[in-house]
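Okay, structure first, notes after.
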Amino acid sequence: MTTTAVTEPVKDPKDPWFRRLPVISHFNKSVGLQRGMLVAGLVLTGLFLLTAVFAPLIAPYGFSQISDADGNFPAQQPPGGKFLMGTTVGGYDVFSRVVWGAQTAVLVIIVAVIMSIFIGVALGLVSGYIGGWLDRTLVVIADAVYAFPPLLVAIVMAIAISGGRSSLWGGILAAAISITVVFIPQYFRVIRAETIRLKAEPFVESAKVVGASNIRIMRLHVFKNATRTLPLIFTLNASEAILTLAGLGFLGFGIEPTSAAEWGFDLNKALADTTSGIWWTGVFPGLAIVLTVLGLTLVGESINDLNDPRLRGRRKAASGKGGPQSTPGAPAAREEEVSSS
Amino acid sequence: MTTLIEAPPEDGEGLLPIKKKTSGGGLGRYILIRFFLIFPTILILVTMVFFLMRTTGDPITAALGGRLPQEQLQERIAAAGYDRPIFVQYFEYLAQLITGNFGTTLSDNRPVAEMLATYGAATLELTINALLVALAVGIPLGLIAAHRRDKGPDAGLRVFAILCYATPVFFSGLLFKLTFSVWLGWLPVAGRATPATELALTSLEAPTGIYWLDAIRSGNMAALADVMAHAVLPALALGLLTAGIFLRLVRTNVIGTLGKDYVEAGRSRGVSEYRLLTKHAYKPALIPIITVMGLQIAVLLGGAVLTETTFEWKGLGFQLATYLTARDFVAVQGIVVLLAVIVAVTNFFVDIVAALIDPRVRY
């Protein structure tokens, strides 16, 4: 995930402020297929966010509602009529649960990513700047956690926090912390590498000469420069957070079905339905996961490509090995390595 | 389920301290230091899992609490030594691990080591199958994408690669089950084999636990066909998850090598584009795949937990989910430790292979 090649889009100070906002400036730079991918990603992500925010208005029923004025909801009703996407074996309305699920997902992503950015960035800055044994210890720990299957780390965390399952906020917090533990090493790595690079820069040295304190240097000079790549990691990790949350829910370590709707949990319940040919209970929450992750990944990758001049779409004819129109950061860095060998 | 844009960390900044230590050292020294780094990795994970599990209480209360009267519970806790200071228990656990004693499961009372061996084989089989699918799908499609770069097929394949990543294994598994098992009726819904086959294969002398291997060894072709039919859908579901990553990796690397001077030289001599692609550009592009394959082992093992639950494939992942539900933390600890060892050892070998191929990694 660490591309040394990622550079900030050139910001023309003459542009009005709104044109210099991250996503908008990226949009203006994109061409052809790349713009299409960015737009598709933005539309999907926007749809996901809108659904989450307006869930109470969109969803016809509550996520754990099994009856209304006309009596109990029928079980395993095929899509159509009163139930747009059918009902589950427990009588839940699938459509409502898919809509409410978006809200749960957004809450978990926000809590998880903010926590991991906060802790990961702080650790990375301190570790990279101070160095020495502290740095080595933290790197070994981060590498150990990083190498381990993320889902297993999340499961262990989920058990430790809530003993398995819990209420809405308890569950959201547990899921978020589990995901955070997986992500901290990633932020840590990126920020630490950047910090080590920046430490050797002349402006840090001159700040030292002037007599700035370590904390001031870290806060003012290193932090601002080291965090340029964060918007990119944010989008990519948001999609990973959704997948981890769904995985936890699928294994039964997510959030209780009565406290919130969660796509992974619904898929777990839908598994038993498939053998009898009932498809609507699984396909709709599954599609919700795929489309959300797809949208976030498209946005993240487009930003990554547009940040990198070597990968940015070519307006003119290709020259030699130039750069593929768009590729993820790591293989791109690899490509550099391969082509320089 | 790590991202699809994973940078191989092993040769990245992660090993910076080692690079410092080994500056001026040779390959032998690198291997040695890298080898000793396996142990802290495992130790950290074991420690983490041990203490995290213990924050929820002792295993006996977790597993049997509520089902036994309080006095009996206390008796059993005392008998198992769970009432002693946690650090005493921790060091005792470590000492046991070194001698290969993982303890006994609480829910079904069998030695953890035996349980690991039985179900580990099933997971190994699934992982190998999935890796084969991933390579068989990812490499050819990556070559096509590189060849038709920026054209229609390339765009289509890139979306396919992202879809591979965006679809959770349990959802693709569910779709496969619906389509191929329920609607078309071509393949079995779940499990590793029909009960009859399973019985025939497990009653063999010294079974490996890898069913297709056992079937071939015993010359039982009907069993082999049965095992294969059961293996297709789980392997596809788990394999496609990583196929997208291989696809993209092959694509970028082949594009990189296609622009090189020696390929250009071949082209000027009149070597066909097809031959350039499959002979000249392909092989050097495969090197990074080895590094990434090591990382993918962790992804596959994580995915195996979900795949096995989806298809009731009785492997480590399926058992892990079962033991987790039963709150059998001794068994869970055992499984997690084994996976940690596998991941640490694989990463070690990947680093060594990478160092052998590319001397720049080890200076």
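Enter the mean number of other protein chain beta carbons within 10 Å of the beta carbon of each residue in B:142-151, as an integer.
If you average over the peptide's residues, the count of other-chain Cβ atoms is 1.
Semi-axes of the equivalent ellipsoid for the stretch B:187-340, please: Cα gyration tensor eigenvalues, times 5, square-rooted, ordered largest first, whole Å.
Here the semi-axes work out to 41, 22, 13 Å.
Given B:Lys151/B:Lys283; A:Lys199/B:Lys283; A:Lys224/B:Lys151; B:Lys151/B:Lys260, which pairs have Cα atoms separated by over 31 Å?
Table pairs above 31 Å Cα-Cα are A:Lys199/B:Lys283; A:Lys224/B:Lys151.
Applying 1/(1 + (r/R0)^6) with R0 = 41 Å to the Cβ-Cβ distance of B:Phe349 and B:Ala229, what FRET efficiency is obtained, to the nearest 0.05?
After rounding, the FRET efficiency stands at 0.80.
How would B:Phe87, B:Phe35, B:Phe311, B:Phe318 line up from fewest to most surrounding beta-carbon atoms within 10 angstrom?
Least crowded to most crowded, the residues run B:Phe87, B:Phe35, B:Phe318, B:Phe311.
Can you tell me the equivalent ellipsoid semi-axes for the stretch A:249-307? Use √(5λ) from the Cα gyration tensor, largest first, whole Å.
Each semi-axis is the square root of five times an eigenvalue, giving 29, 15, 8 Å.
Report the label-to-label distance for B:Val159 and B:Val182 in nanometres (one decimal), using points 7 Å from each Cα along the Cα→Cβ vector.
Distance between the two pseudo-spin positions: 2.7 nm.
Quick check on the exposure proxy: order B:Met228, A:Met218 from fewest to most C-beta atoms within 10 angstrom.
Fewest-to-most Cβ neighbours within 10 Å comes out as B:Met228, A:Met218.
Calculate the FRET efficiency for B:Gln96 and B:Leu132 from the Cβ-Cβ distance with a Förster distance of 25 Å, rounded to the nearest 0.05.
Using R0 = 25 Å, I get an efficiency of 0.10.
Neighbour counts of other C-beta atoms within 10 Å: give me B:Arg269, A:Arg197, B:Arg275 arranged from fewest to most.
B:Arg269, B:Arg275, A:Arg197
Taking 56 Å as R0, compute the FRET efficiency from the Cβ-Cβ separation of B:Asp83 and A:Ile130 and round it to 0.05.
Taking R0 as 56 Å, the efficiency between B:Asp83 and A:Ile130 is 0.85.
Averaged across B:248-261, how many Cβ atoms of other chains sit within 10 Å of each residue's Cβ atom?
Per residue, the average neighbour count from other chains is 6.
With a point put 7 Å past each Cα toward its Cβ, work out how far A:Glu205 is from B:Glu75 in nm, to one decimal.
7.5
Given B:Lys177/B:Lys279; A:Lys269/B:Lys314; B:Lys177/B:Lys314, which pairs have Cα atoms separated by over 27 Å?
Those over the limit are B:Lys177/B:Lys279.
Each reported figure results from applying straightforward, stated rules to the coordinates on display, with no laboratory input. On a predicted model such as this, the values are computed, not experimentally measured, just so you know. Positions of Cβ are backbone-derived with ideal geometry, glycine not excepted, and every protein chain shown enters the neighbour counts.
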